[in-house]
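What follows is a single structure, written as structure tokens, with notes after it.
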Amino acid sequence: MKFRSFGRDQIVVSEVGLGCWQIGSDAWGPVSDEAATGILEKALEQGISFYDTADVYGAGRSESFVGEFLKKHQSARDSLFIASKVGRSAKIYPDGYTRTNITESIEGSLQRLGIEALDLVQTHCAPPEILQDGEIFEWLQDLVKAGKIKRFGASVESDAEALLCMQHPDIYSIQIIFNVLRQKSLSEVFPLAQEKNVAIIVRLPLNSGLLSGKFSKDTQFDKQDHRNFNRDGQHFNVGETFGGLPYEKGLELVEDLRGLFPTDVPMAQSSLRWCLDQSAVSVIIPGASSEEQVVANVVASEMDSFSEQKLKELADFYHGEVHSHIRGVY
């Protein structure tokens, strides 16, 4: 596992982290208690130091599993970076953004995680007007001063929201959907983040698994899986599901992409490597529903980088074949 600097503090984290949405077992199909525990254990074994969760993943289930994991590995706590999010619970979203609600939510996260302070708290896809107002960042700054959190950032749905958040001088990180089928952030967001030394956390680097190259028109997703119930943005931002691409079109694009990727490497690993080849990226956080997926994800850290010519080919493919098909805020 290779490590990278994360934000202005120049701390280092594993460049491949673990997204803990799946172990919440509420939007990717069921994940057993045993499997959730195994995923976390395997991540640590593989050298992963960055764990990203949220209070709403499984109504606290994800944070609780991470908390049990931390309790078991107290000696490793100082080397692990724990990030969570606030702002999408039913009590807060969309019009309950108050200092009290935000503080109480973070207190709940700390209790479930069993820690005194979170390494990072991110606003969780807050409405643009909340980000524009900016008062939520002042509340988070006060929680930094109180020792409840060490840093704060924003998990956003669009480039416009990322650019807006980076106007705040104390924003430490931006989490954004980014992958070889969703490259827009390379234009403005990433250069500004590098200029301001803001960490970039990449979520959905495999585009909800589409970039595994293993799906087909006949693939069946569990009824609890957002890839079933949110394909067209019926429940939340369509960009969170297959990056906003219509599923059938996404399958076509993945087949076209095969010809641009190495034939002797699994598509998922090539897709993760492509993300890591972007210099502004601090950490990618692919999720996992099995220990085997954790191991496969980590391989990308040791792979050779793509050539400049290949990166240009993949950029041309995105601009010429993909961009126009992406739906939703972007």
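Descriptive notes on the structure:
- Each residue of segment 254-260 is assigned a 3J(HN,Hα), and the resulting list reads 5, 5, 5, 5, 4, x, 9 Hz, derived from the Karplus form 6.51 cos²θ - 1.76 cosθ + 1.60 (θ = phi - 60°), x at Gly and Pro.
- Fully extending the segment from residue 313 to residue 1 would add 109.6 nm, taking 0.36 nm per residue of separation and subtracting the current Cα-Cα distance.
- If the convex hull is drawn through the Cα atoms of segment 136-187, its volume per residue in Å³: 80
- In the chain, the sites counted are GluC sites (Glu not before Pro) in DSSP loop states with at most 15 other Cβ atoms within 10 Å, and the longest stretch holding none of them, exclusive of the sites, is 189-330.
- Fraction of antiparallel bridges per DSSP, segment 1-145 only, in percent to nearest 5: 30
- Pairwise label distance in nanometres, residue 33 with residue 217, each label 7 Å out on the Cα-Cβ vector: 4.3
- Whole-Hz ³J(HN,Hα) from phi, Karplus 6.51 cos²θ - 1.76 cosθ + 1.60, for segment 74-86, glycine and proline x: 4, 5, 9, 3, 5, 9, 9, 10, 10, 10, 9, 9, 9
- Sequence-separation-based contact order of the chain, relative, with Cα cut under 8 Å and 6+ spacing, percent: 22
- On the basis of the beta-carbon distance and an R0 of 22 Å, residue 11 and residue 295 show a calculated FRET efficiency of 0.30.
- Computed over segment 50-188, relative contact order equals 20 percent, with contacts defined as Cα pairs under 8 Å that lie 6+ residues apart.
- Beta bridges assigned by DSSP with both partners in the chain are antiparallel in approximately 20 percent of cases.
- All lysines inside 26 Å of residue 312 as judged from Cα atoms, apart from same-chain residues fewer than 8 positions distant: 2, 184, 196, 214, 249
- The order of 242, 317, 69, going from fewest to most other C-beta atoms within 10 Å of their C-beta, is 317, 69, 242.
- Reducing segment 250-264 and segment 165-243 to their Cα centroids gives an inter-centroid distance of 19 Å.
- Sites residue 229 and residue 90, calculated FRET efficiency, Cβ-Cβ separation with R0 22 Å, nearest 0.05: 0.80
- Anisotropy class of segment 188-330 from Cα gyration tensor, a/c 1.5 cut: rounded
- Taking 37, 100 and counting other C-beta atoms within 10 Å, the order from fewest to most: 100, 37
- DSSP bridge analysis restricted to segment 128-209 gives an antiparallel fraction near 10%, rounded to the nearest 5.
- Close amide H contacts of residue 280 (hydrogens built in the peptide plane, cut-off under 5 Å, sequence separation of 5 or more or a different chain): none are found.
- Residue exposure sequence - 271, 32 - by fewest surrounding Cβ within 10 Å: 32, 271
- Computed helical MRE - 222 nm, the chain, DSSP H runs ≥ 4 contributing -39500 (n - 2.57), nearest 500: -10500 deg cm²/dmol
- Expressed per residue, the C-alpha convex hull volume of segment 53-163 stands at 95 Å³.
Here, each number is a calculation from the coordinates, and none is a lab measurement. Note that the structure is a prediction, hence the values are computed from the model and not measured. For neighbour counting, all protein chains shown are included, and Cβ atoms are generated from backbone atoms with ideal geometry for every residue, glycine included.
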